[in-house]
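Enquirer: Following this message is one structure expressed as structure tokens.
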Amino acid sequence: MLLTDLIAEISTIKIIGSENVDIKNICSDSRKVTEGDLFVAVKGVAVDGHAYINTAIKNGAKVIFCQDIPSEIKPEVTYVQVEDSAECLGLLASAYYDYPSEKLIIIGVTGTNGKTTIATLLYELYKELGYKVGLLSTVCNYINGRPIPSTHTTPDALSLQKLLAEMAEERCYYVFMEVSSHSVDQKRIAGINFDGAIFTNITRDHLDYHKTFSNYIKAKQDFFTNLPIHAFALTNVDDKNGKIITQNTNANVYTYSLETHANFRAKVLEESMDGMLLKIENNELYVRLIGHFNAYNILAVYGVTKILRTPTEKVLLALSNLKPVNGRFECYRLKNGA
């Protein structure tokens, strides 16, 4: 792909050198650069990619994207200055893979707890309903049933866009993905056109990274603030920050709750170590998940299906057949009955 095509929809500050350069690949790790690549110098949490610009050039990089133009300019290299190279990496990757998120219906799940369960249950439910679906989660990534090992809750921008491109190529209809606060803060999800987002809850976690609870909340809130106007935002209003998270979004806001008025409500009728009997709206539903918190997860899944206008009868049947997510509060019975 030519650089001039790659940056057609990207805002730049300054370009030094030719735009008529054929790009072989995009890299943000100078060690992986080969001849003809484009290198993006990202200012990370621990490492500043600007320190490795010369290494990238020695390894064959023909184009450098950076926030700060280096003092030494190589005449055979094109330098592109941008305001935020981390965000630009996601935008470049999206363009390089021909904007895969625009060919998919992508729903992100964020919050301290419940991300893996909700994303996985949605994936399993829509797979059971006959859809081709993709899953991006902490446990494992799946493309229409094919597993791809996972290393992060949300992959890096390049890996993410590549996975989305594979999902689009295999004609997945829905993609359900976990969206961590780290990935929002580090702009790993830049370039993704989300069609919906779910907020589960927020507790005092990840403060080693975010430093303050307000920074942590802001990272979650930014995800919803940046949603497009056509998207939906589904939030848990039993969490005291549920409404704060969505207060600046342009998306259509829906709510779910076990305790107060909301668009989607449920009540736990019976609980055991084998499952729960729930009343969701006017329907009684038995599920094989245990724990009161899983009632919230099931309700969030149900809310998404209603927003997506999936037939309720089919949804309830599929939900009753779902098994607990691997490694997430599974129940094991011993031979002695314990």
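The values are calculated or read from the model by the stated rules, or taken from the named source; none is laboratory data. Everything numeric in this text was worked out from a predicted model, so none of it was measured. Because the Cβ atoms are built from the backbone with ideal geometry, glycine has one as well, and the counts that use them run over all protein chains shown. Note: accessible area is taken over every heavy atom of the protein model, side chains too, but ligands, DNA and RNA are not part of it. Shrake-Rupley method; radii C 1.70, N 1.55, O 1.52, S 1.80 Å.
Enquirer: Where does the range 1-155 land on the Kirkwood hydrodynamic radius, alpha-carbon pairs, in angstrom?
Expert: When all Cα pairs of the range 1-155 are included, the Kirkwood radius is 17.4 Å.
Enquirer: Follow-up question, since we're still on this one. Can you return the lysines within cross-link range of Lys243? Criterion is Cα-Cα under 25 Å, with same-chain partners fewer than 8 residues away left out.
Expert: Lys115, Lys187, Lys211, Lys218, Lys220, Lys267, Lys279, Lys306
Enquirer: Let me ask something else. Keeping every protein chain in place, order Thr255, Thr34 by accessible area at 1.4 Å, biggest value first, i.e. largest first.
Expert: Result of the area sort, largest leading: Thr34, Thr255.
Enquirer: Just Ser11, Ser181, Ser85 to compare: in a GNM of the chain, with alpha carbon springs under 10 Å, which one fluctuates most?
Expert: Evaluated over the chain, the most mobile residue of the options is Ser11.
Enquirer: Using modelled amide H (1.01 Å from N, peptide plane; none on Pro or chain starts), what sits under 5 Å from the amide H of Ser150, excluding residues fewer than 5 places away?
Expert: Asn141
Enquirer: Okay, next question. Just grab the label-to-label distance for Leu277 and His292, each label 7 Å out from Cα along the Cβ direction, in nm (one decimal).
Expert: Each label point is offset 7 Å from its Cα along the Cβ direction, giving 1.9 nm.
Enquirer: Follow-up question, since we're still on this one. Give the separation of the Cα centroids, the range 101-125 to the range 18-48, in Å.
Expert: Cα centroid of the range 101-125 versus Cα centroid of the range 18-48: 30 Å apart.
Enquirer: Could you size up the charge dipole of the range 273-330 around its Cα centre, putting +1 on the beta carbon of Lys and Arg and -1 on that of Asp and Glu, and report it in debye to the nearest 20?
Expert: That gives a dipole near 180 debye.
Enquirer: Hey, if you put +1 on the Cβ of every Lys and Arg and -1 on every Asp and Glu Cβ in the range 113-164, which of Leu121, Ser137, Ala157 ends up farthest toward the positive end of that dipole?
Expert: Ala157
Enquirer: Among Ile53, Leu2, Asn20, flag the residue with its Cα farthest along the positive direction of the charge dipole of the range 1-128, charges on Cβ as +1 for Lys/Arg and -1 for Asp/Glu.
Expert: Ile53
Enquirer: Considering amide H positions built from the backbone, and no H for Pro or chain starts, which residues 5 or more places from Val237, or on another chain, come under 5 Å of its amide H?
Expert: Distant-sequence amide H within range of Val237: Tyr256.
Enquirer: Which whole-number value in Å² is the accessible area per residue of the range 1-62, probe 1.4 Å?
Expert: Counting only protein heavy atoms, the per-residue value for the range 1-62 is 57 Å².
Enquirer: Using alpha carbons only, how many degrees (0 to 90, rounded to 10) separate the axis of helix 213-225 from the longest principal axis of the chain?
Expert: 90 degrees
Enquirer: Next up: When the Karplus curve 6.51 cos²θ - 1.76 cosθ + 1.60 is applied with θ = phi - 60°, which whole-Hz ³J(HN,Hα) does each residue of the range 63-69 get, with x for Gly and Pro?
Expert: Values, residue by residue: 9, 10, 9, 8, 8, 10, 5 Hz.
Enquirer: His230 versus Asp84, label points 7 Å from Cα toward the beta carbon: distance in nm?
Expert: 2.3 nm
Enquirer: Largest first, please: the extent of the C-alpha atoms of the range 281-325 along each principal axis, to the nearest Å.
Expert: That gives 27, 21, 17 Å along the principal axes, largest extent first.
Enquirer: Next question. How much accessible area does His292 have with a 1.4 Å probe, in Å² rounded to the nearest 10?
Expert: Per-residue accessible area (His292): approximately 90 Å².
Enquirer: How far is helix 292-307 tilted off the main Cα axis of the chain, in degrees rounded to 10, range 0 to 90?
Expert: The two axes meet at around 70 degrees.
Enquirer: In what order, largest first, do Tyr216, Tyr332 sit by accessible area if the probe radius is 1.4 Å?
Expert: The ordering from most to least exposed comes out as Tyr332, Tyr216.
Enquirer: For Glu259, project a label point 7 Å along Cα to C-beta. Then give me every residue of the range 284-324 with its amide nitrogen under 16 Å of that point.
Expert: Answer for the range 284-324: 292-297.
Enquirer: Starting at the first residue of the range 136-148, write each ³J(HN,Hα) from the Karplus equation 6.51 cos²θ - 1.76 cosθ + 1.60 with θ = phi - 60°, in whole Hz, x for Gly and Pro.
Expert: 10, 9, 4, 6, 6, 9, 9, 10, 6, x, 8, x, 10
Enquirer: Rank Arg328, Arg188, Arg171 by accessible area, highest first, at a 1.4 Å probe radius?
Expert: Reading off the accessible areas and sorting them downward yields Arg171, Arg328, Arg188.
Enquirer: In debye, nearest 20: dipole of the range 134-285 around its Cα centre with unit charges on the Cβ of K, R (+) and D, E (-)?
Expert: 480 debye
Enquirer: Residue-wise, which Karplus ³J(HN,Hα) couplings in Hz belong to the range 100-112, taking 6.51 cos²θ - 1.76 cosθ + 1.60, θ = phi - 60°, and x for glycine or proline?
Expert: Values per residue, Gly and Pro as x: x, 5, 6, 9, 10, 9, 10, 10, x, 10, 10, x, 5 Hz.
Enquirer: On to the next question. So, how do all the Cα-to-Cα distances of the chain break down into 20 Å bins, in percent, from 0 on up?
Expert: In order of increasing distance, the bins hold 30, 51, 17, 2 percent.
Enquirer: Counting helices only, and only those DSSP H runs with n ≥ 4, report the 222 nm mean residue ellipticity of the chain as the sum of -39,500 (n - 2.57) divided by its residues, in deg cm²/dmol to the nearest 500.
Expert: Value at 222 nm, helices only: -8500 deg cm²/dmol.
Enquirer: OK, next. What figure in square angstrom, to the nearest 10, would you give for the accessible area of Met1 with a 1.4 Å probe?
Expert: Ignoring ligands and nucleic acids, Met1 comes out at about 80 Å².
Enquirer: At 0.36 nm per residue, and after removing the present C-alpha to C-alpha distance, how many nm does the segment from Lys335 to Asn248 gain when stretched out fully?
Expert: Between Lys335 and Asn248, full extension yields 26.0 nm more.
Enquirer: Ignoring ligands, DNA and RNA, what percent of the 1.4 Å accessible area of the chain is carbon and sulfur?
Expert: Result for the chain: 48 percent of the exposed heavy-atom area is carbon or sulfur.
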